[in-house]
Amino acid sequence: MNPTITAFEDSPDEGKGLARDMRVRWALEEVGQPYHVRLLSMAALKEAAHLALHPFGSIPTYEEGDLVLFESGAIVLHIADSRAGLLPHDADARRRAIAWMFAALNTVEPPIVEREMALFFEQDKTWHQERMRGLDERVRSRLSSLSTRLGDAEWLDGSFSAGDLLMIEVLLRLEGELVDEFPNLCAFVARGQARPAFQRAFAAQRKVFEDNKAPA
Ligand code: GTB
C-alpha cells in the first residue's frame, strides 16, 4: 500500500516548496516510492481527525498501513531506513548520515527558523534591526562551520544521503540570504535541486499552488 502524507491545501509560501512536506516528498521520490497526498486547510489541521495523527496539528504526517508518523525528520528517517537509496549500507557510514540528519534539524534549522520568525512577526518593533543583526550572526556562524566541513566535497559524507537531503532543505529556507556568502554551500544546494527526485517533488507541491489559483 502506498503511503499517504499531508500537506497544506493553500501553502503560505505560494508554491516555493518551503513547507516541510517538501522534504518528505523529496525523500519518497529519491527511493522511488509512490505516495498519496491529503491536502488540508489551516482549520482542518486543528480538527480532531488530524489531531489524532499529529498531536500539534501540523503538517506533514505519514500513514502507511497501521503506521502513523509525524515530525518530518522521523518520517524521512523511516523512509530512508525502510527503502534503499538514502542511507549507506555500511553501519558506521549509516550512523554518520543519521548524525547529519540530526545536525540539519537540531543545529542548523533552529537559528534559521528563529530568524524567519523575527522577519515574519517582529518587523514593526523598535528593536527589530538590532535583533536581526544577532540572529544573522547566529545563522552565519552555523553556515560558516558547515561550509568549512563541506569544503570541496560534493556531499556531506560520501554519497548523497538523507543527511544531505535535510541539510539542503533547511538551507533552502534562507531563500538565498546569508547562504549566498558561502559559494560551496550554494553549489551544494544547487546540486540537490538538480536531482531529478527533487525536481519531481518540487513540481508536485508547486502543482497544488497552480491548481489553486487556476480559475474554476
Ligand atoms: N518539527 C515539525 C516537523 O519537522 O514536522 C514542524 C512541523 C511544522 O512546523 N509544520 C508547519 C505547520 O503545519 C508547516 S512547515 N504549520 C501550521 C500549524 O502548525 O498550524 C513550516 C512552514 C510553513 C510555511 C512556510 N512558508 O510559508 O514559507 C515555511 C515553513
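The values are calculated or read from the model by the stated rules, or taken from the named source; none is laboratory data. All values derive from a computational prediction rather than experimental measurement. All Cβ positions, even for glycine, are placed from backbone atoms using ideal geometry, and neighbour counts span all protein chains on display.
(1) more than 28 Å from Met117 (Cβ to Cβ); (2) not in a loop (DSSP other than H, G, I, E, B): which one isn't true of Ile98, the others all being true?
(1)
Have a look at Ala203, Ala187, Ala197 and point out the one that is free of Cβ contacts under 8 Å to residues at least 60 places away in the same chain and over 20 Å from Ala103 (Cα atoms).
Every option except Ala203 fails the conditions.
Within the group Ser41, Ser72, which residue is at negative phi and under 17 Å from the mean Cα position of the chain (by Cα)? Spell out the reasoning first.
Numbers: Ser41 fails: under 17 Å from the mean Cα position of the chain (by Cα).
Within the list Ser41, Ser72, the selection yields Ser72.
Show the residue pairs meeting these rules: Cβ distance below 7 Å; 6+ apart or different chains; first residue within the range 57-78 and β-branched (Val, Ile, Thr); second residue in a strand (DSSP E or B) and near the ligand (Cβ under 8 Å from one of its atoms).
Ile59/Phe8; Thr61/Phe70
Being over 25 Å from Asn106 (Cα atoms), away from the ligand (no atom under 11 Å from the Cβ) and either hydrophobic (A, V, I, L, M, F, W, C) or not assigned by TED's automatic domain parsing to the domain that holds Phe102 (or both) is the requirement here; does Arg38 meet it?
Answer is yes for this residue.
Give the residues of the range 15-57 that are assigned to a loop (DSSP other than H, G, I, E, B) and out of contact with any Lys or Arg (no Cβ under 8 Å at 6 or more places or on another chain), sorted by residue number. It would help to see each step written out before you state the result.
Let us first name the residues in the range 15-57 that are assigned to a loop (DSSP other than H, G, I, E, B), namely 15-20, 31-35, 41, 46-47, 52-57.
If the condition is that a residue be assigned to a loop (DSSP other than H, G, I, E, B) and out of contact with any Lys or Arg (no Cβ under 8 Å at 6 or more places or on another chain), then Lys16, Ala19, Arg20, Pro34, Ser41, Lys46, Glu47, Ala52, Leu53, His54, Pro55, Phe56 are the ones that fit.
So, Leu156, is that one outside any helix (DSSP H, G or I), surrounded by 18 or more Cβ atoms within 10 Å (Cβ to Cβ) and more than 11 Å from the chain's Cα centre (by Cα) or not?
Details: outside any helix (DSSP H, G or I): yes; surrounded by 18 or more Cβ atoms within 10 Å (Cβ to Cβ): yes; more than 11 Å from the chain's Cα centre (by Cα): yes.
Here the answer is yes, as Leu156 does meet what is asked.
Against the definition (out of contact with any Cys (no Cβ under 8 Å at 6 or more places or on another chain), within 16 Å of the ligand (Cβ to nearest atom) and either assigned to a strand (DSSP E or B) or on the phi > 0 side of the Ramachandran plot (or both)), how does Arg115 come out, yes or no? Quick ask: steps written out before the conclusion?
Details: out of contact with any Cys (no Cβ under 8 Å at 6 or more places or on another chain): yes; within 16 Å of the ligand (Cβ to nearest atom): yes; either assigned to a strand (DSSP E or B) or on the phi > 0 side of the Ramachandran plot (or both): no.
No.
When you look at Arg133, is it within 16 Å of the ligand (Cβ to nearest atom), among the basic types (Lys, Arg) and either in the same structural domain as Glu9 (by TED's automatic domain parsing) or exposed (fewer than 14 other Cβ atoms within 10 Å of the Cβ) (or both), yes or no? Quick ask: steps written out before the conclusion?
On the way: within 16 Å of the ligand (Cβ to nearest atom): no; among the basic types (Lys, Arg): yes; either in the same structural domain as Glu9 (by TED's automatic domain parsing) or exposed (fewer than 14 other Cβ atoms within 10 Å of the Cβ) (or both): yes.
No, not satisfied.
May I ask you to verify whether Arg38 is in contact with a Gly (Cβ under 9 Å, 6 or more places away or on another chain) and in contact (Cβ under 8 Å) with a residue 12 or more places away in the chain?
Values: in contact with a Gly (Cβ under 9 Å, 6 or more places away or on another chain): no; in contact (Cβ under 8 Å) with a residue 12 or more places away in the chain: yes.
The answer is no for Arg38.
Keeping to the range 1-14, report how many residues are surrounded by 16 or more Cβ atoms within 10 Å (Cβ to Cβ) and either within 11 Å of the ligand (Cβ to nearest atom) or not in a loop (DSSP other than H, G, I, E, B) (or both).
Looking only at that region, the number is 5.
What single numbered condition from (1) touching a residue at least 12 places away in the same chain (Cβ under 8 Å); (2) surrounded by fewer than 13 Cβ atoms within 10 Å (Cβ to Cβ); (3) over 30 Å from Val31 (Cα atoms) fails to hold for Gln123?
(1)
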